[in-house]
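Okay, structure first, notes after.
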Amino acid sequence: MAAFTDDFNRADSTDLGAGWVEVSGDWSIVSNRLSPGAAGGTIILRAAGAMATSDNYAQVTIATTTAASHGVWCRGNSNISSGYLWRNDGTSWDLFQVLGGSFTSIGSFAGAAANGDVAKVQAVGSTIKGYVNGVQRVSVTDTAVTTGTSVGLRAESTSALRFDDFAAADVATGSTGDAALPGTATLTATGVRAAAGAAALAPTASLTADGIRGASGAASLAMSASLAASGQTGVVGSATLTTAATLTAAGTTAAVGTAALAVTATLTASGTTIVSGNDDIDVTVGGPYSRWSTGAPRGRWRTGEPDGRWEVDDPWI
């Protein structure tokens, strides 16, 4: 990949230096700017070094403009008898196809150039584009010029024109700092590839609220997997909870280390069952010895006695 730049920040001279070839006319440096002189007619300048490929661009800042033809070109041959030119003439920006020395307009954008405008022309495959200040103004498909590694400028020789900060380079297609993503690649919400140092997520992969895969160092969660309020799976080192499992307010199961409670189980305020491994329940009803016992052979209820008792199977009942 080749690149070339020049800011023209050097002493006034009619010699531009080894980086340039004056194809026609007499170009010079004046007050750290590039000048096309004042001789009249159209003159051409190109970078001495060629780009590495035919997919390339060139751009220049128009430091001072006027109503005269001036612009930048790419994918050219050594004398601009072929290539693409993006120029302004004081009324519009025009994109030209140059073939065998013949200029054909293939795109246009109305508007005069302004001082400080950055003009850029780019050719990548059959797509040719013209930009002003980084904004694409023209894009066309053209196959007339398929090869060319020269870049440069073309302008009328008039003292009113000045240029600054020329830049040109090859255009690396298909990637920007990384391998190009295929059209079917899945991106996360932040625009990062679904796979970054790991296998790509399947289109059906479920993500947690914080964007982590449902499976992180473990088997992928099923679509029906239930998550606790903390975002953890219903299973943490134990069997998966069923959809009917009852959770306490803390998010744990109603049964931890014991059999699950039945739906009809009654809990005390402390969360324990009224019955816990015992058939009898003592209920004090006003006497220190009063007791209601289930399963006794005789049933009897006596009140007003310290040992009053109701026993089932008593013939009095």
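Would you point out which residue out of SER150, SER102, SER126, SER108 is touching a strand residue (DSSP E or B) at 6+ places or on another chain (Cβ under 8 Å) and either closer than 18 Å to ASN79 by Cβ or touching a residue at least 60 places away in the same chain (Cβ under 8 Å) (or both)? Even if it seems obvious, please write down each step before you answer.
Values: SER102 fails: touching a strand residue (DSSP E or B) at 6+ places or on another chain (Cβ under 8 Å); SER126 fails: either closer than 18 Å to ASN79 by Cβ or touching a residue at least 60 places away in the same chain (Cβ under 8 Å) (or both); SER108 fails: either closer than 18 Å to ASN79 by Cβ or touching a residue at least 60 places away in the same chain (Cβ under 8 Å) (or both).
Residue meeting the stated conditions: SER150.
Only one of these is at pLDDT 95 or above and crowded, with 16+ Cβ neighbours inside 10 Å: THR5, THR65. Name it.
On the way: THR5 fails: crowded, with 16+ Cβ neighbours inside 10 Å.
Answer to the selection: THR65.
Failed condition for VAL60, given (1) open to solvent by less than 20 Å² (accessible area, probe 1.4 Å); (2) within 20 Å of GLY100 (Cα to Cα); (3) of a type in the set (Val, Ile, Thr), with all others met?
Evaluating VAL60 over (1) open to solvent by less than 20 Å² (accessible area, probe 1.4 Å); (2) within 20 Å of GLY100 (Cα to Cα); (3) of a type in the set (Val, Ile, Thr) leaves (2) as the failure.
Are any residues in the range 83-135 open to solvent by less than 40 Å² (accessible area, probe 1.4 Å) and polar (S, T, N, Q), and if so, which ones?
ASN88, SER92, GLN97, GLN122 - these are the residues of the range 83-135 that are open to solvent by less than 40 Å² (accessible area, probe 1.4 Å) and polar (S, T, N, Q).
When the residues of the range 136-155 are narrowed to those that are surrounded by fewer than 22 Cβ atoms within 10 Å (Cβ to Cβ) and charged (D, E, K, R), which ends up farthest from PHE96 (Cα to Cα)? Show your work before the answer.
Step one: of the range 136-155, the residues surrounded by fewer than 22 Cβ atoms within 10 Å (Cβ to Cβ) are 136-147, 149.
Add one more test, that the residue is charged (D, E, K, R), and what stays is 137, 142.
On the way: ARG137: 14, ASP142: 10 Å.
So the residue we want is ARG137.
With (1) in contact (Cβ under 8 Å) with a residue 60 or more places away in the chain; (2) surrounded by fewer than 17 Cβ atoms within 10 Å (Cβ to Cβ) as the list, and ALA167 as the residue in question, which single condition is left unmet?
(2)
Within the range 25-44, track down each residue that is in contact (Cβ under 8 Å) with a residue 40 or more places away in the chain and outside any loop (DSSP other than H, G, I, E, B).
Within the range 25-44, VAL30, ARG33, LEU34, SER35, THR42, ILE43, ILE44 qualify.
Name every residue in the range 45-69 that is under 26 Å from THR141 (Cβ atoms) and assigned to a strand (DSSP E or B), in order of residue number. Quick ask: steps written out before the conclusion?
So in the range 45-69, the residues under 26 Å from THR141 (Cβ atoms) come out as 46, 50-60, 69.
Correct list: ARG46, ASN56, TYR57, ALA58, GLN59, VAL60.
Filter the range 24-57 down to the residues that are of a type in the set (Val, Ile, Thr) and open to solvent by 50 Å² or more (accessible area, probe 1.4 Å) and list them by number.
Within the range 24-57, the first condition is being of a type in the set (Val, Ile, Thr), and the residues that meet it are 29-30, 42-44, 53.
Of everything in the range 24-57, those that are of a type in the set (Val, Ile, Thr) and open to solvent by 50 Å² or more (accessible area, probe 1.4 Å) turn out to be THR42, THR53.
Could you please give the count of residues in the range 71-82 that are surrounded by fewer than 22 Cβ atoms within 10 Å (Cβ to Cβ) and either of a type in the set (Phe, Trp, Tyr) or within 25 Å of ASP165 (Cβ to Cβ) (or both)?
The total comes to 3.
The values are calculated or read from the model by the stated rules, or taken from the named source; none is laboratory data. All values reported here derive from a predicted model rather than from experimental measurement. Neighbour counts run over all protein chains shown; Cβ positions are idealised from the backbone, glycine included. Accessible surface areas use protein heavy atoms only, side chains included; no ligands, DNA or RNA. Shrake-Rupley method; radii C 1.70, N 1.55, O 1.52, S 1.80 Å.
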